[in-house]
1. Can you find a residue in the stretch 154-166 that is open to solvent by 60 Å² or more (accessible area, probe 1.4 Å), at pLDDT 95 or above and in a helix (DSSP H, G or I)?
2. Find the residue count for the stretch 89-147, including only residues that are open to solvent by 30 Å² or more (accessible area, probe 1.4 Å) and aliphatic (A, V, I, L, M).
3. For the stretch 204-257, which positions are of a type in the set (A, V, I, L, M) and in a loop (DSSP other than H, G, I, E, B)?
4. If you check every pair at least six apart or on different chains, which have Cβ atoms under 9 Å apart with a residue in the stretch 346-364 that is at pLDDT 95 or above and among the hydroxyl-bearing types (Ser, Thr, Tyr) first and a residue that is surrounded by 14 or more Cβ atoms within 10 Å (Cβ to Cβ) and in a loop (DSSP other than H, G, I, E, B) second?
5. Pick from the stretch 262-279 the residues that are crowded, with 17+ Cβ neighbours inside 10 Å and in contact (Cβ under 8 Å) with a residue 40 or more places away in the chain: which of them is nearest to Asn222 (Cα to Cα)?
6. If I filter the stretch 280-294 down to residues being in a loop (DSSP other than H, G, I, E, B) and out of contact with any Ser or Thr (no Cβ under 7 Å at 6 or more places or on another chain), which single residue comes out as least open to solvent (accessible area, probe 1.4 Å)?
7. Out of the residues in the stretch 25-82 meeting the condition of being touching a strand residue (DSSP E or B) at 6+ places or on another chain (Cβ under 6 Å) and β-branched (Val, Ile, Thr), tell me which one is surrounded by the most Cβ atoms within 10 Å (Cβ to Cβ).
8. Output the residue which, of all residues in the stretch 295-331 that are within 27 Å of the chain's Cα centre (by Cα) and in a helix (DSSP H, G or I), is nearest to Trp245 (Cα to Cα).
Amino acid sequence: GTWHRQKGEQLALEWLRRRGASGFQEWDSNCYFDIDVLALSHLADLAENVEVRELAAVVLDKLLFTMAVNSFRGVFGSTHGRTYAPLIKGGRGEHTAGIGRLLWGMGVYNQHLGGTISLACAENYSLPEIIVAIAQDVPEELWSRESHCGQVDPWGEAKLGLLRVNKVTYKTPDYMLCSAQDYHPGKRGYQEHIWQATMGPDAVVFVTHPACLSEEGSRRPNFWAGNYILPRVAQWKDVLIALHWLPDDDWLGFTHAYFPLYAFDEHALEGNWAFARKGNGYLALFAANGLELVTRGNTAYRELRSRGQKNVWLCHMGRAVLDGSFAEFQAKVLSLPLTCSGLEVQLQSLRGQSIAFSWEGPFLVDGREQPLRDYPHYENPYCTAALPSAALEI
């Protein structure tokens with residue numbers, strides 16, 4: 001028994017130190033975070049080894065801080081290093097929804113109870129109040145950059161080596177837009193959720209390249225979760241560009257957007273554009289190859305398809321306080337200069353910036369190159385920390 005305990009403590013400490021210094025190799029995973037919380041809360045509450053107990057509490061604080069920054073009114077609408085189709089089509093069935101509800105009063109209790117119950121029963125762990133305040137904060141504008149880098153554990157899939165993501169989150173009182181910047185474009189995807197716009201628990205929008213017609217979890221990637229071929233994505237605050245280059249023999253031949261009409265207060269389809277309003281938040285989605293609203297089958301009135309091997313998707317976000325009425329927002333977007341040639345795009349944002357992006361080369365905003373990699377571990381109004389980091393000061 002002593003040998004097994006010593007080995008377990010050694011493995012636990014190695015894992016905790018890696019996660020504490022550099023983050024999770026499958027970043028912001030809304031399925032694995034629930035399992036991580038289940039394990040960490042038990043260690044923080046019950047471990048007899050002081051170092052294991054204290055370091056587990058630190059990593060749990062860090063995980064929940066990451067959730068707080070990348071959640072919108074209880075919806076963990078971040079980009080995810082691993083997810084499943086039911087967890088990204090809205091926030092009600094998502095695995096960490098109950099954790100948010102328990103800890104900061106936003107979210108919903110559902111059937112995924114592991115992390116929620118273990119936290120509720122913990123007697124020696126309590127979430128720092130500052131993380132509660134961050135989760136409840138509604139800033140006029142939050143621009144957050146993060147980089148997470150995980151060395152795969154030696155007992156796991158070691159051949160995958162070093163995994164790193166550079167991600168951004170832009171949050172306002174009316175919406176949140178998140179993406180993984182320039183994440184292995186052109187490579188085969190797995191279960192990565194590369195970008196998402198969130199305006200409410202059901203009003204979420206994202207685009208993927210489907211690998212098959214099934215949403216079953218053992219198919220990775222599948223119809224909604226992950227991308228068969230990863231896009232090249234860049235985001236500047238409320239504007240996002242996603243470039244898709246499909247293989248010559250791609251058997252489905254389209255990319256598609258999850259666009260649930262029932263979840264919006266208003267919507268409109270005009271040419272290559274789809275518009276949506278939820279409350280005072282606005283969204284405009286564009287596909288260079290045109291849009292087709294699916295009206296039959298399981299995804300009827302929830303899916304927009306766009307065919308073609310090379311395609312440019314754009315997402316503009318807006319707010320009533322800045323852009324007037326929904327009709328005025330649509331008129332503004334339609335009047336913006338926009339040029340697409342293959343996988344090269346030049347556009348103007350609603351805030352007046354000139355933006356240029358292509359399959360290769362830099363991401364330019366007003367002629368200045370914006371970095372898409374080598375971000376700090378955290379860089380936002382709440383915390384700035386290098387990667388790797390020995391401490392986080394929130």
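1. No, because not a single residue in the stretch 154-166 is open to solvent by 60 Å² or more (accessible area, probe 1.4 Å), at pLDDT 95 or above and in a helix (DSSP H, G or I).
2. Selection size over the stretch 89-147: 10.
3. Listed by number, the residues that qualify are Ala211, Leu213, Ala225, Leu230, Leu246, Leu252.
4. From residues that are at pLDDT 95 or above and among the hydroxyl-bearing types (Ser, Thr, Tyr), the pairs are Ser349/Lys237; Ser349/Asp238; Ser349/Leu336; Ser358/Leu343.
5. As a first pass, look at the stretch 262-279 and keep what is crowded, with 17+ Cβ neighbours inside 10 Å: 263-264, 267, 272-278.
Next, only the ones that are in contact (Cβ under 8 Å) with a residue 40 or more places away in the chain stay: 263-264, 273, 275-278.
Details: Ala263: 23, Phe264: 25, Trp273: 25, Phe275: 26, Ala276: 26, Arg277: 28, Lys278: 28 Å.
Checked the stretch 262-279; the qualifying residue nearest to Asn222 (Cα to Cα) is Ala263.
6. To start, the set of residues in the stretch 280-294 that are in a loop (DSSP other than H, G, I, E, B) comprises 280, 288-291, 294.
Applying the additional criterion that residues be out of contact with any Ser or Thr (no Cβ under 7 Å at 6 or more places or on another chain) yields 280, 288, 294.
On the way: Asn280: 91, Ala288: 36, Val294: 18 Å².
Step by step, filter the stretch 280-294, then rank; the result is Val294.
7. Filtering the stretch 25-82 down to residues touching a strand residue (DSSP E or B) at 6+ places or on another chain (Cβ under 6 Å) leaves 25, 27-30, 69-70, 72, 75, 77-80.
Filter again for β-branched (Val, Ile, Thr), leaving 69, 75, 79.
Values: Val69: 24, Val75: 28, Thr79: 26.
The selected residue is Val75.
8. Gln330
The values are calculated or read from the model by the stated rules, or taken from the named source; none is laboratory data. Every value quoted in this text rests on a predicted model; they were computed, and no experiment measured them. Here Cβ is always computed from backbone atoms with ideal geometry, including for glycine, and neighbour counts include all displayed protein chains. Each accessible area value is taken on the protein alone, full model and side chains, heavy atoms only, with ligands, DNA and RNA left out. Shrake-Rupley method; radii C 1.70, N 1.55, O 1.52, S 1.80 Å.
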